[in-house]
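*Asks:* I'd like to ask you about the structure that follows.
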Amino acid sequence: MPENIIYYEQPLNEKIRTFMRLEHLFLQSEHDFMGDDIWQSRSAINTLIEILAIFNRADLKTDFIKELERHAKTLEKMEQNPAVDHNRLAELLREMNHLAQYFHDFNGSLCSQLKQDEFLNTITQRSSIPGGSCSFDIPEYHHWLKQPPELRYEITKKWYSVFETPKKTIMLLLNIMRNSSLPTQQTANNGFFQETLDPNLPCKIIRVAVPANLPFYAEISGGKHRFVIRFINSALSEQSGQTTNDIDFELTRCIL
């Protein structure tokens, strides 16, 4: 597989879908923090509002605890395997137990602190309206955006610090899942591939890797029983719909 590749991923349950959406938003927020101009500050706030919306909808604290404890039990079974890096395994288990204890000890909602911030609540309420955070809609926000970049950064960083441990948890769990299995070489005949999943080995994420220069993209769908991969002609191609070419790709079934 060439170095310049694209990974297409499909989570196979709602919990992992939520984790991957949050991962996407956390990575986006890191980029937003890099700039000094007001538009990047706006982007950082918009991303924060999206993260808050997900946390308000789901009982993520319970999900974090369950996933951390489930993975810890699975990893503990590997301690007797001589081929395992026992120092790395012990480090992982310590980190997972520490994170799980954090959520056990945390009282109330993970984002309750931000819910009480009147300034952020005002921006959140107006952001549901297209263009609702204009200068004439929220003059206080307009004033805030005109403050020195260092001040805006410190305030935004304080808001995001609420999610420091959830972010660390999501990155750790998804990294373990993605590296839980080795990729296999497969071929999508006429751009189509499907497979039935083993119910005794619950799959969490399907990963497809192809060279970035292919004029096709992978469309993945599936659930706990089976999954389907279709390679579709990209918008850069003159054709539309599923390709009739045979496509070689790497497939990873993340089962941990």
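Readers should treat all values here as calculations from the given coordinates under stated rules, not as data from a laboratory. Being a predicted model, the structure only gives us computed values, none of them experimental. Glycine also receives a Cβ, built like all others from the backbone with ideal geometry; neighbour counts cover every protein chain displayed.
*Asks:* Going through the cross-link list 146/167; 73/157; 61/204, which pairs have a Cα-Cα distance over 23 Å in this structure?
*Replies:* 146/167; 73/157
*Asks:* Please arrange 236, 110 by counting, for each residue, the other beta carbons lying within 10 Å of its beta carbon, fewest first.
*Replies:* Listing 236, 110 from fewest to most nearby Cβ atoms yields 236, 110.
*Asks:* Placing +1 at every Lys and Arg Cβ and -1 at every Asp and Glu Cβ, with all other atoms neutral, what dipole size does the chain have around its Cα centre, in debye to the nearest 20?
*Replies:* I would put it at about 620 debye.
*Asks:* So who's got an amide H within less than 5 Å of the one on residue 227, skipping anything under 5 residues away but keeping other chains? H placed 1.01 Å off N, in plane.
*Replies:* Here 195, 197 satisfy the definition.
*Asks:* Here are a few candidate values for semi-axes √(5λ) of the Cα gyration tensor in Å: [x] 31, 21, 17; [y] 29, 20, 17; [z] 36, 28, 16. Which one was actually calculated from the structure I just gave you?
*Replies:* Computed from the coordinates, semi-axes √(5λ) of the Cα gyration tensor in Å corresponds to [z].
*Asks:* Which angle from 0 to 90°, rounded to the nearest 10, does the C-alpha axis of helix 118-127 make with the longest principal axis of the chain?
*Replies:* Result, in degrees: 60.
*Asks:* Between the DSSP loop rule and a limit of at most 10 other Cβ atoms within 10 Å, which trypsin sites (Lys or Arg not before Pro) in region 132-174 are left?
*Replies:* 146
*Asks:* In addition: For region 121-215, which chymotrypsin sites (Phe, Trp or Tyr not before Pro) are both in a DSSP coil and crowded by at most 12 other Cβ atoms within 10 Å?
*Replies:* Listed in order of number, the matching sites are 136.
*Asks:* Helix 164-178 against the longest principal axis of the chain: what's the angle in degrees, Cα atoms only, rounded to the nearest 10?
*Replies:* 10
*Asks:* Normalised by the residues of the chain, what does the relative contact order come to in percent, with Cα pairs under 8 Å and at least six apart?
*Replies:* Worked out over the chain, it gives 27 percent.
*Asks:* Related question: Looking at region 93-127, which chymotrypsin sites (Phe, Trp or Tyr not before Pro) are DSSP coil and have at most 15 other C-beta atoms within 10 Å of their C-beta?
*Replies:* Passing sites in region 93-127 are 106.
*Asks:* Separate question: If you count, for each residue, the other Cβ atoms within 10 Å and average over each peptide, how do 65-73, 80-88 line up from highest to lowest?
*Replies:* Descending mean neighbour count gives 65-73, 80-88.
*Asks:* Can you sort 89, 12, 120 from fewest to most other Cβ atoms within 10 Å of each residue's own Cβ?
*Replies:* 89, 120, 12
*Asks:* If you find the alpha carbon centre of region 18-84 and of region 127-203, how far apart are they in angstrom?
*Replies:* Each part's Cα centre sits 7 Å from the other's.
*Asks:* Hey, another quick one. Within 10 Å of each residue's Cβ, count the other Cβ atoms and sort 43, 109 from fewest upward.
*Replies:* Arranged by neighbour count, lowest to highest, 43, 109 become 109, 43.
*Asks:* Further, regarding this structure: Can you give the relative contact order of region 181-254 as a percent, counting alpha carbon pairs under 8 Å and 6+ residues apart?
*Replies:* 50
*Asks:* Which angle between 0 and 90 degrees, to the nearest 10, do you get for helix 60-76 versus the longest principal axis of the chain when only C-alpha atoms count?
*Replies:* 40
*Asks:* Right, another one. So for region 1-122, averaging the separation of alpha carbon pairs under 8 Å that are six or more residues apart and normalising by length, what relative contact order in percent results?
*Replies:* 20
*Asks:* Also: If R0 is 30 Å, what FRET efficiency do you get for residue 113 and residue 198 from their C-beta distance, rounded to 0.05?
*Replies:* 0.10
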